[in-house]
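The values are calculated or read from the model by the stated rules, or taken from the named source; none is laboratory data. Because the structure is predicted, anything quoted here is derived from the model rather than measured. Note that each Cβ is placed from the backbone with ideal geometry, even for glycine, and that neighbours are counted across all protein chains shown.
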Amino acid sequence: MKKFSIVIAGGGSTYTPGIVMMLLDHLETFPIRKLKLYDNDEKRQHMIGEALKIVLNERAPEIEYTYTTDPEEAFTDIDFCFAHIRVGKYEMRELDEKIPLKHGVVGQETCGPGGIAYGMRSIGPMIELIDWMEKYSPDAWMLNYSNPAAIVAEACRILRPNAKVLNICDMPVGTLRRMSQIIGKTPKELDVRYFGLNHFGWWTSVKDKEGNEYLPQIREYVKENGYLTQIEVDTQHMDPSWQETHKKAKDLLAVDPRFLPNTYLKYYFYPDEVVESANPKYTRANEVMDGREKNVFSAAREIIEKGTAEGSEFAIGSHATFIVDLARAIAFNTHERMIMIVENNGSIANFDDDAMVEVPCIVGSDGPEPLSQGKIPEFQRALMLQQVTVEKMVVQAYIEGSYQKLWQALILSKTVPSAKVAKKVLDDLMEANRGYWPELK
Ligand code: NAD
């Protein structure tokens with residue numbers, strides 16, 4: 001079987017060890033000849049890179065392994081770039097969350113003004129990664145799961161329309177895992193129909209391979225419990241704030257009981273409750289910095305000090321097996337059915353062709369082929385049009401350096417109550433993001 005060369009961009013990420021462990025667990029189905037980590041933060045890259053060097057020496061010494069902060073070294077001779085960068089790191093995420101909250105507005109990583117701020121920071125560096133990949137390994141594919149995925153995907157569509165970039169999110173994968181538990185199945189036994197935007201969608205069908213429909217059964221469960229399940233289902237969406245979010249799905253279902261909602265809709269349907277229950281001094285960013293970030297870096301330190309990973313191994317990022325599924329789909333033309341972020345082009349019949357939507361696709365070596373989801377109801381269509389316009393206007397504001405357009409994008413977001421509040425939030429975010437955003441006029 002062919003062996004592949006991979007670079008992980010955002011190599012110093014808290015997710016990198018879990019993803020590498022997961023890759024090592026899948027070498028039989030996805031063999032690797034070379035693995036490189038790339039980050040622009042030398043210190044973080046060194047720590048994670050050194051610890052993983054020890055892991056790889058012990059687990060798979062046959063894989064050629066390096067870590068680097070040099071783009072040419074990173075992107076030369078690769079088949080895939082797995083991209084999960086966080087421009088501005090948790091320091092800036094904290095501000096994305098706390099600045100809107102100060103004005104009584106949802107403060108969230110990808111939804112509302114926080115997501116817009118993060119999008120404005122991420123477009124430039126993401127395009128830079130694509131350009132390096134195309135320069136040094138023109139045949140390679142980028143599997144991007146850097147957030148905010150909706151804005152990043154729209155920026156790729158406009159700025160690098162022909163690039164081999166696949167945008168994917170783990171939320172539909174994680175929620176399907178919960179659904180499969182509710183009905184006593186595994187995700188691989190199920191095929192779904194789904195429509196929406198990233199972090200803004202609905203399942204319209206969940207069937208097994210014999211064609212039996214499970215949506216009504218799942219709906220009865222979600223009506224009572226949301227997506228909260230008894231068994232630990234993944235290693236990612238488990239912190240207390242996430243448990244609240246899974247539970248909240250029952251109130252999202254109440255808005256339209258025909259379809260199963262994406263959990264992120266809570267920020268658009270119940271922004272008032274989200275703000276009321278938030279602690280403006282301690283947000284999700286603090287939870288991660290005090291939890292996952294500390295744990296991952298202290299595990300890395302321990303491995304380096306001991307000179308062995310025995311007894312202090314990194315946890316396997318089992319939630320991330322979708323990355324291997326996607327890479328295999330491209331590499332081996334598996335025609336896997338996966339929910340991806342793609343240009344609509346008719347897959348949602350009554351929605352704009354040029355919108356980046358999230359729908360099931362068949363993925364093979366030419367990339368994703370979106371499956372037709374038919375027409376969607378006017379309630380969802382109107383919500384989606386409003387939200388996709390926010391995402392498009394952010395990208396336009398970035399390209400044109402337009403304050404006016406960015407202000408309009410904030411005004412359009414369902415999470416923001418008025419133009420006045422939008423302006424206050426925007427001005428504070430702009431100040432905090434000096435050096436990250438282009439100059440706005
Ligand atoms: P993190 O802060 O732990 O790691 C991100 C790393 O990216 C940091 O080491 C940082 O130095 C690096 N980085 C920042 N800008 C860079 C650049 N221009 N070039 C190279 N490296 C750069 O963050 P995290 O929590 O691990 O999250 C990483 C990303 O993955 C985020 O965008 C997050 O939202 C995303 N994520 C996506 C999914 C998904 O399924 N879509 C799931 C989880 C996390």
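Assorted remarks:
- Being in a helix (DSSP H, G or I) and either in contact with a Ser or Thr (Cβ under 8 Å, 6 or more places away or on another chain) or aromatic (Phe, Trp, Tyr) (or both) is true of GLU58.
- Matching residues in the range 8-25 - criterion: being within 20 Å of ILE54 (Cβ to Cβ) and outside any helix (DSSP H, G or I): ILE8, GLY11, GLY12, SER13, THR14, TYR15
- Failed criterion for GLU73 (all others in (1) assigned to a helix (DSSP H, G or I); (2) more than 23 Å from the chain's Cα centre (by Cα); (3) over 22 Å from GLU134 (Cβ atoms) hold): (3)
- Top-ranked residue in the range 168-208 [being in a strand (DSSP E or B) and among the β-branched types (Val, Ile, Thr); ranked as surrounded by the fewest Cβ atoms within 10 Å (Cβ to Cβ)]: THR204
- For ARG121, the conditions (1) of a type in the set (Lys, Arg); (2) near the ligand (Cβ under 10 Å from one of its atoms); (3) closer than 22 Å to ASP79 by Cβ are fulfilled apart from (3).
- Selection status of PRO280, at pLDDT 95 or above and crowded, with 21+ Cβ neighbours inside 10 Å: no
Residue-by-condition table, conditions (1) within 29 Å of LYS89 (Cα to Cα); (2) surrounded by 14 or more Cβ atoms within 10 Å (Cβ to Cβ):
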site: PRO360; (1), (2): no, yes
site: VAL363; (1), (2): no, yes
site: GLU391; (1), (2): yes, yes
site: GLU400; (1), (2): yes, yes
site: LYS405; (1), (2): yes, yes
site: ILE411; (1), (2): yes, yes
site: PRO417; (1), (2): yes, yes
site: MET430; (1), (2): yes, yes
site: GLU439; (1), (2): yes, no
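- Restricting attention to the range 100-128, the residues being touching a Leu at 6+ places or on another chain (Cβ under 7 Å) and not β-branched (Val, Ile, Thr) number 3.
- Residue among GLU42, GLU50, GLU28 that alone is more than 8 Å from the ligand (Cβ to nearest atom), within 19 Å of ASN295 (Cβ to Cβ) and of a type in the set (Asp, Glu): GLU50
- Matching entry among ILE85, ILE99 (being touching an Asp or Glu at 6+ places or on another chain (Cβ under 9 Å) and in a helix (DSSP H, G or I)): ILE99
- Residues considered: GLY196, GLY184. Of these, the only one that is away from the ligand (no atom under 14 Å from the Cβ) and within 21 Å of THR245 (Cβ to Cβ) is GLY196.
- At least 3 residues being away from the ligand (no atom under 16 Å from the Cβ) and in contact (Cβ under 8 Å) with a residue 24 or more places away in the chain is the threshold, and among the helices (runs of 4 or more DSSP H) wholly inside the range 286-400 those reaching it are 321-332, 378-400.
- Matching residues, the range 152-162, being more than 11 Å from the ligand (Cβ to nearest atom) and surrounded by 19 or more Cβ atoms within 10 Å (Cβ to Cβ): GLU154, ALA155, CYS156, ARG157
- Among residues of the range 345-358, those that are crowded, with 21+ Cβ neighbours inside 10 Å and farther than 21 Å from PRO172 by Cα, counted: 0
- One residue alone among VAL173, VAL165 is β-branched (Val, Ile, Thr), in contact with a helix residue (DSSP H, G or I) (Cβ under 9 Å, 6 or more places away or on another chain), within 30 Å of GLU224 (Cα to Cα) and within 16 Å of the ligand (Cβ to nearest atom), and that residue is VAL173.
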